[in-house]
Amino acid sequence: MPANSSNYNIALRSGQKEYRACLIRGEYPYLPVLDDVLAGLKSYSSVELGTIQIPAENIVGTRTAGRTTAFARNFMPLLPPESEFGVKWENLCEAHLSEGIRDSVKVYEYINRYYVEEGNKRVSVLKFFHAATVLATVTRILPPKNDSYESKLYYEYVDFNKLSGINFIWCTRLGSYKKLQSMVGKKAGEEWTEEELRTFERFYHYFRRSFESLGGKRLRNTTPADALLVFLNIYGYARAKEMSSQELAQNLTKIWEEVVLLREERPIELVLNPPFVKKKKLLTKLTSTLTSTITSTLTSSASSVETLNIAFVHDKTTQDSSWTYAHELGRRHVDQVLRGRVATHSYFNALAGDPAAVLEQAISDGADLIFTTTPRLLKASLKAAVDHPEVIIMNCSLNTSQKAIRTYYARVYEAKFIIGALAGAMCKSDRIGYVGDYPIYGTVASINAFALGAQMVNPRAKIHLEWMNDNYGAAVARLREQGIYLVSGRDMTHLNSPHPGAFGLFYHENPERFQTLAMPVWHWGVYYENLVRSVLDRTFQDEVAKGKATNYWWGMSAGVVDVICSEKLPVSAVRLARMLRGAIQSGNFRPFDGVLKAQDGMIHGSEEDVATPEEITTMDWLAENVVGELPAYRQLSQEGKATVDVVGVEKVAKQSQEEPEEDA
């Protein structure tokens with residue numbers, strides 16, 4: 001009996017429409033053939049996966065060319081209704097409507113796409129009725145491993161699939177599957193239970209529906225799984241899986257700009273100078289009378305402006321952290337210079353409990369602007385910013401692609417270059433020590449800048465690198481045991497330090513006597529003053545980089561970084577520091593321009609090259625005259641791991657998903 005029912009005719013029209021559309025786009029209009037896809041491979045292996053449910057949308061072609069022209073590229077039929085093919089298709093359609101198609105099809109999986117060997121018509125019917133999954137006996141084709149992005153990504157998927165049984169998600173960024181494994185609370189290499197798989201599957205179904213309802217299908221190079229990682233990074237899996245479909249959709253809407261940001265190849269806009277730097281020359285030409293008039297006007301206007309409430313949230317206290325103490329001095333500076341226009345409050349030890357609760361308290365106390373002063377508070381900051389878009393929240397970190405908050409950091413590598421030059425001039429044995437804290441964005445650039453500065457003055461200088469890993473004294477002692485007495489250590493002294501002179505560039509031939517020669521200065525007060533002023537005059541609110549996350553990365557030209565020289569330095573060394581500072585401030589000299597050689601002999605840049613801010617912030621290599629290496633993730637303390645998890649350089653941070661956790 002001819003297949004003349006409306007179902008086949010509807011399917012046929014869909015196939016014909018797809019066929020014509022492919023021709024117009026210049027694409028092959030029929031189903032892809034796996035044999036053709038594999039023709040370019042010299043070798044491959046296969047593994048049987050058994051009979052499982054597979055995503056219908058990932059079934060894209062046929063194993064051989066035998067039936068390919070019977071279907072359009074969307075698996076809808078192209079043959080006439082009265083053909084034998086049409087009759088069989090219609091019979092399958094009726095069987096599906098009456099009792100369901102129960103027999104499995106036979107497919108081959110290659111790079112997360114499925115090609116049918118037996119059951120093409122069954123797949124066509126199931127796709128016509130929008131089936132989410134198809135029961136299939138699967139053989140996986142494994143191509144040879146190589147160093148290509150595609151190969152690495154696929155084998156990350158294969159490893160994740162073996163552990164979880166999940167075949168319905170696809171990520172487009174390396175490391176994503178390992179992050180997902182960690183986010184759902186599973187250790188590296190730990191298998192999922194059937195219940196965990198089903199729970200995730202239900203949650204993902206609702207998430208994907210919300211993603212697509214917001215226009216996710218139109219996002220370039222972004223899959224639902226990519227968006228899921230953004231969502232889980234903010235809300236966490238434990239909370240997310242308990243959300244109702246309505247709550248999930250509402251929360252995804254809140255963070256949609258973060259998802260959209262994924263499509264940008266360069267999602268971060270680095271702002272290298274505050275607005276006042278550009279206007280400085282013009283302002284200096286104003287007459288004193290005009291200046292007085294403007295000042296008077298601003299003062300009278302300020303009295304009518306509502307006070308801006310500012311909260312500073314710290315991870316530690318001023319007693320146990322020089323970093324916290326420096327930011328607290330910055331807060332006091334803002335209080336003094338903007339008295340009457342702002343009210344500031346400090347919240348300490350946020351990580352001793354729940355940092356999210358501390359931020360909620362600050363908001364409840366009326367904060368309009370919140371500064372969180374450490375990268376370890378980034379995640380809590382992002383969550384608070386999403387929940388409270390009326391509050392401006394900024395985090396002190398570098399190279400973070402988050403749209404809901406802005407980040408700020410200083411180009412301290414400029415000061416480190418100058419101090420390196422001083423070290424090169426002062427060293428007696430050509431061996432100089434350097435103590436790093438954690439391998440995070442900006443830290444590697446500081447190490448390399450110091451090394452380049454020393455090398456410029458003393459081509460024989462070697463920088464011996466040690467990592468403090470929460471034991472600064474031990475790192476300094478290890479250098480002294482090697483006979484290295486000139487050291488670049490912590491930037492600031494600790495209030496309770498047993499050796500208060502062991503900071504900046506110092507000399508310590510006597511283990512009980514530390515002589516500081518120079519130190520980098522982070523002028524957080526100047527930084528905060530300019531950020532707050534931009535909020536008060538609304539230039540901050542107007543300064544939005546379209547489709548970008550805004551990171552402020554100011555340096556010497558903005559007055560937020562400097563070098564202080566000790567009286568113990570010879571006059572010639574002080575003059576060298578001043579000359580280099582002036583050249584860097586004016587932009588006439590940049591430490592990372594030109595040819596740069598790494599430890600492994602790799603050449604970075606050329607004589608004409610100007611290192612981009614992105615290249616500097618993401619450095620994960622060490623200069624040729626550095627003796628030492630980046631620490632492995634497993635070697636870090638718990639605080640170090642927590643910091644690296646958020647803003648660690650990729651070479652170290654990615655190890656967090658690769659190394660199994662040790663049992664306590």
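The values are calculated or read from the model by the stated rules, or taken from the named source; none is laboratory data. Because the structure is predicted, anything quoted here is derived from the model rather than measured. Cβ: placed from backbone, ideal geometry, glycine included. Neighbour counts: every protein chain shown. Heavy atoms of the whole protein, side chains included, go into the accessibility calculation; ligands, DNA and RNA do not. Shrake-Rupley method; radii C 1.70, N 1.55, O 1.52, S 1.80 Å.
Are any residues in region 362-390 part of a loop (DSSP other than H, G, I, E, B) and either among the β-branched types (Val, Ile, Thr) or surrounded by 22 or more Cβ atoms within 10 Å (Cβ to Cβ) (or both), and if so, which ones?
Hits for region 362-390 are Ala367, Thr373, Thr374.
For region 40-64, which positions are surrounded by 13 or more Cβ atoms within 10 Å (Cβ to Cβ) and of a type in the set (D, E, K, R)?
Selection gives Glu57, Arg63.
Among the residues of region 1-55, count how many are among the aliphatic types (A, V, I, L, M) and farther than 23 Å from Asn91 by Cα.
13
Ala404 passes all but one of (1) aliphatic (A, V, I, L, M); (2) open to solvent by 40 Å² or more (accessible area, probe 1.4 Å); (3) part of a helix (DSSP H, G or I); (4) under 27 Å from Ala227 (Cα atoms); which number fails?
Condition not satisfied by Ala404: (3).
This table checks each residue for (1) part of a strand (DSSP E or B); (2) in contact with a Ser or Thr (Cβ under 8 Å, 6 or more places away or on another chain); (3) among the aliphatic types (A, V, I, L, M).
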{"residue": "Leu580", "(1), (2), (3)": "no, no, yes"}
{"residue": "Asn588", "(1), (2), (3)": "no, no, no"}
{"residue": "Gly594", "(1), (2), (3)": "no, yes, no"}
{"residue": "Asp609", "(1), (2), (3)": "no, no, no"}
{"residue": "Met619", "(1), (2), (3)": "no, no, yes"}
{"residue": "Arg634", "(1), (2), (3)": "no, no, no"}
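Just the residues that are touching a residue at least 24 places away in the same chain (Cβ under 8 Å) and either of a type in the set (S, T, N, Q) or open to solvent by less than 70 Å² (accessible area, probe 1.4 Å) (or both), please, taken from region 587-619.
Gly587, Pro591, Phe592, Leu596, Ala598, Gln599, Pro613, Glu614, Ile616, Thr617, Thr618, Met619
List pairs: first in region 637-655 and open to solvent by 10 Å² or more (accessible area, probe 1.4 Å) and at pLDDT below 85, second assigned to a helix (DSSP H, G or I) and hydroxyl-bearing (Ser, Thr, Tyr), Cβ under 7 Å, 6+ apart or cross-chain?
Gln655/Tyr633
Given Ala367, Ala423, Ala384, which one is touching a Ser or Thr at 6+ places or on another chain (Cβ under 7 Å) and of a type in the set (A, V, I, L, M)?
None of the others qualify; the one that does is Ala423.
What residue, of Leu622, Leu580, is more than 28 Å from the chain's Cα centre (by Cα), buried (at least 17 other Cβ atoms within 10 Å of the Cβ) and at pLDDT 95 or above?
That would be Leu580, the only listed residue that is more than 28 Å from the chain's Cα centre (by Cα), buried (at least 17 other Cβ atoms within 10 Å of the Cβ) and at pLDDT 95 or above.
Let's see how each residue does on (1) outside any helix (DSSP H, G or I); (2) modelled with pLDDT under 95; (3) under 21 Å from Arg634 (Cα atoms):
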residue: Tyr438; (1), (2), (3): yes, yes, yes
residue: Ala454; (1), (2), (3): no, no, no
residue: Leu465; (1), (2), (3): yes, no, yes
residue: Asp470; (1), (2), (3): yes, yes, yes
residue: Arg490; (1), (2), (3): yes, yes, no
residue: Thr493; (1), (2), (3): yes, yes, no
residue: Pro500; (1), (2), (3): yes, yes, no
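I'd like to check something: does region 561-570 contain any residue that is within 27 Å of the chain's Cα centre (by Cα), within 28 Å of Thr400 (Cβ to Cβ) and modelled with pLDDT of 95 or more?
For region 561-570, residues within 27 Å of the chain's Cα centre (by Cα), within 28 Å of Thr400 (Cβ to Cβ) and modelled with pLDDT of 95 or more: present.
Would you check which residues across region 336-350 are open to solvent by 50 Å² or more (accessible area, probe 1.4 Å) and either among the charged types (D, E, K, R) or at pLDDT 95 or above (or both) and list them?
Selection gives Gln336, Val337, Arg339, Arg341, His345, Phe348, Asn349.
Would you mind finding the one in Leu180, Leu153 that is crowded, with 17+ Cβ neighbours inside 10 Å and under 17 Å from the mean Cα position of the chain (by Cα)?
Criteria check complete, one pass: Leu180.
Could you look through region 245-260, keep only residues that are touching a helix residue (DSSP H, G or I) at 6+ places or on another chain (Cβ under 6 Å) and in a helix (DSSP H, G or I), and pick out the one that is surrounded by the most Cβ atoms within 10 Å (Cβ to Cβ)?
Leu252
Which condition breaks for Gln402 when tested against (1) touching a residue at least 24 places away in the same chain (Cβ under 8 Å); (2) over 16 Å from the mean Cα position of the chain (by Cα)?
Condition (2) is where Gln402 drops out.
Out of (1) open to solvent by less than 10 Å² (accessible area, probe 1.4 Å); (2) farther than 25 Å from Pro613 by Cβ; (3) not in a helix (DSSP H, G or I), what's the single condition that is false for Ile393?
(2)
Yes/no per residue for (1) open to solvent by 70 Å² or more (accessible area, probe 1.4 Å); (2) in contact (Cβ under 8 Å) with a residue 40 or more places away in the chain; (3) assigned to a loop (DSSP other than H, G, I, E, B); (4) not hydrophobic (A, V, I, L, M, F, W, C):
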residue	(1), (2), (3), (4)
Glu191	yes, no, yes, yes
Thr199	no, yes, no, yes
Phe207	no, yes, no, no
Lys217	yes, no, no, yes
Asp226	no, yes, no, yes
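Residue by residue, here is whether (1) under 29 Å from Ala653 (Cα atoms); (2) touching a residue at least 12 places away in the same chain (Cβ under 8 Å); (3) not polar (S, T, N, Q) holds:
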| site | (1), (2), (3) |
| --- | --- |
| Val337 | no, yes, yes |
| Gly340 | no, yes, yes |
| Ala352 | yes, no, yes |
| Val358 | yes, yes, yes |
| Ile370 | yes, yes, yes |
| Pro375 | yes, yes, yes |
| Ala380 | yes, yes, yes |
